[in-house]
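Following: one structure in structure tokens, then a few remarks.
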């Protein structure tokens, strides 16, 4: 008989932090050491202008407080929040999350993501999105995700289309700054 090949798991583990990865990007839970980089990235007004739910100016200690809140959200089952890591330099370049999670047979959630300006238009969101969709389906048994982007942020729409999302009817949605017209999408997992 031939040798049995061992199939390695998709996850790499470093200090009990599960990490999913593709050739250029990984996603993992945020760690406290990410807060300085997140603070820098979110202090750029262009990120807040495209994301729709990030305040500007970004508050002092905002990143530290935000990262600290993740544990409670994860424990309550209301959100899955991951750092997007560029594998070229192991730097946190953004975030991807699923929030507004409903449970049960038709579990669903709302996908959101952002990356810092130096990382725009390089394919990082698509790779991180593929990892998050796999995580949502495989580990959280989600059946459906929705997502939205500002109409002025066409790049985010292209990301969602590459991830297999289908556009729904344009809707008015409220964000931290008031009302904006967003494009809304859906994907069955």
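Readers should treat all values here as calculations from the given coordinates under stated rules, not as data from a laboratory. Predicted model, so just to flag it, every value in this text is computed and none were measured. When we count neighbours, we look across all protein chains shown, and the Cβ atoms used for this are built from the backbone with ideal geometry, even at glycine.
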Hits in the range 127-163: amide N under 12 Å from the 7 Å Cα→Cβ extension of residue 188, namely 143-145
The simple spin-label model distance between residue 61 and residue 120, using points 7 Å out along Cα→Cβ, in nm, is 3.1
Quarter of the surface of the C-alpha convex hull for the range 17-146, i.e. direction-averaged projected area in nm², equals 7.5
Counting only backbone N atoms under 12 Å from a point 7 Å out along Cα-to-Cβ of residue 161, the residues of the range 45-59 in range are none
One finds the C-alpha centres of the range 16-55 and the range 102-148 to be spaced, in Å, by 14
